[in-house]
Amino acid sequence: MKEKKKIIRNGESKIQKIRFIVQSAFILLCVWIGIEFYLFTRYLESNGTTAFYHRPPGVDGFLPISSMMSFYYFISTGTIHQAHPAGLFIFAAILLLSLVFGKAFCSWLCPVGFISELIGDFGEKVFKNKIKIPKWLDYPLRSLKYLMLGFLFYAVFALMDLASIKAFLDSPYNQVADLKMYYFFANISRAALIILASLFVLSILIRNFWCRYLCPYGALLGLVSFLSPHKIKRNPVSCIDCGLCAKACPSRIKVDKVITVLSDECNTCLSCVDACPVADTLDLKSIYTKKKISKKAAAIGIVSIFMAVTGIGMLTGHWQNNISKEEYLVHYRLMDTYGHPTGTAAVKEFNAESNKNHFPDDSKSLKTKN
Ligand code: SF4
Ligand code: SF4
């Protein structure tokens, strides 16, 4: 007969309320940025006749491709590109956060992740039996976000060289990418609305549908998270195999069957740690020192890393971009004529043009890719 284990109850307070507060605060910040950006567009729409409202730099955080290119440009040249400097710091903050605490950005700060979670909770309340995608379909669906990330990496890093990345960052298209994105949603097409509505319905029926299957940003952070030294670890000696951790995991990870959670789907939400009824059995731990990171310390660390890196951007004067309101007024009028190269041939042409026009002196060192 199996010997009954002596249980020391887990007395540590739960962290989910704090996570909810952090998520709420961050989404309110995003709403505030949205309102400020709306006021900025009103100024442009009035052709500069109403009071000027500063463009909120935080909107750069919604331009992940431009931010990624800006980050690459910074790593390659040591120069902070001035079109969307806040985007560079936000991107760097999210990368560093993922390096230290895994995909924590998704479950603690990302507004899309938060909305997705709320929709999932709503769906669970209304439809008790949610659709569970079978494994044979789940794996190929999960690979979709990696395919999109791969395509993005190919388009940027394989097809474009440094000269054309700079040319793209300098381009009027990149300078008004935030405005283009705003008007995409403000004047949303029927097709885009149908896609958004479908994603909403799918997220009700299948928890975290967007994050789990389609978000390329999450895919990138999932890959980076493998380098994080902090992992969820289970102590098999004190574990009573109750399965509550696996039941609580929104990413459907079988936490109760592994010693260390090594998954690109783990977003460090700590729901499993909260759910564990036995003391010192399931914790976030450093794989090197084997030391436990308390839930509060993890929460403080996650928020602090993000604030510290973005704070450096603000304090060093690399937050606001250098585009004047006069330039924005001109861009606003011409915005519909701005585009970017699509397709391999167009990118190659763009590379050649960029080398010729943007780096006339050092075009040898920034050779066009063939
Ligand atoms: S394993 Fe734990 S921390 Fe990771 S996603 Fe699942 S519940 Fe959250
Ligand atoms: S919640 Fe998970 S780790 Fe904790 S005792 Fe139950 S099965 Fe073990």
Want the number for N322 to C242: 0.36 nm per residue separation, take away the alpha-carbon distance, what's left? 23.1 nm
Could you let me know the centre-to-centre spacing of segment 2-62 and segment 186-224, using Cα atoms, in angstrom? 18 Å
Can you give the FRET efficiency for Q82 and V258, using 1/(1 + (r/R0)^6), R0 = 51 Å, r = Cβ-Cβ distance, to the nearest 0.05? 0.65
To the nearest 0.05, the calculated FRET efficiency linking L96 and R333 through their beta-carbon distance, R0 being 30 Å, is 0.15
Label-point separation (nm) for L144 and I115, each offset 7 Å from Cα along Cα-to-Cβ? 1.7 nm
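What pairs from K125/K290; K6/K285; K103/K291 go past 28 Å between their alpha carbons?
Numbers: K125/K290 38 Å; K6/K285 23 Å; K103/K291 20 Å.
Violating the 28 Å Cα-Cα cut-off are K125/K290.
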In order over segment 195-203: 3J(HN,Hα) from phi, Karplus 6.51/-1.76/1.60, θ = phi - 60°, whole Hz, x for each Gly or Pro, gives 5, 5, 5, 5, 5, 4, 5, 5, 6
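Fewest Cβ neighbours within 10 Å first, please rank H84, H340 accordingly. Before the final figure, lay out the partial values.
On the way: H84 27, H340 13.
Sorted ascending by nearby Cβ count, the order is H340, H84.
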What per residue convex hull volume, in Å³, comes out for the chain when only alpha-carbon positions are used? 178 Å³
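Can I get the semi-axes of segment 219-330's equivalent ellipsoid? Compute them from the C-alpha gyration tensor as square roots of 5 times the eigenvalues, in angstrom, largest first. Walk me through the numbers before you get to the answer.
Numbers: eigenvalues 299, 47, 29 Å².
Rounded to whole Å, the semi-axes are 39, 15, 12.
Since every read-out is calculated from the coordinates, none of them should be taken as a lab result. Everything quoted here is computed from the prediction, not taken from an experiment. Note that each Cβ is placed from the backbone with ideal geometry, even for glycine, and that neighbours are counted across all protein chains shown.
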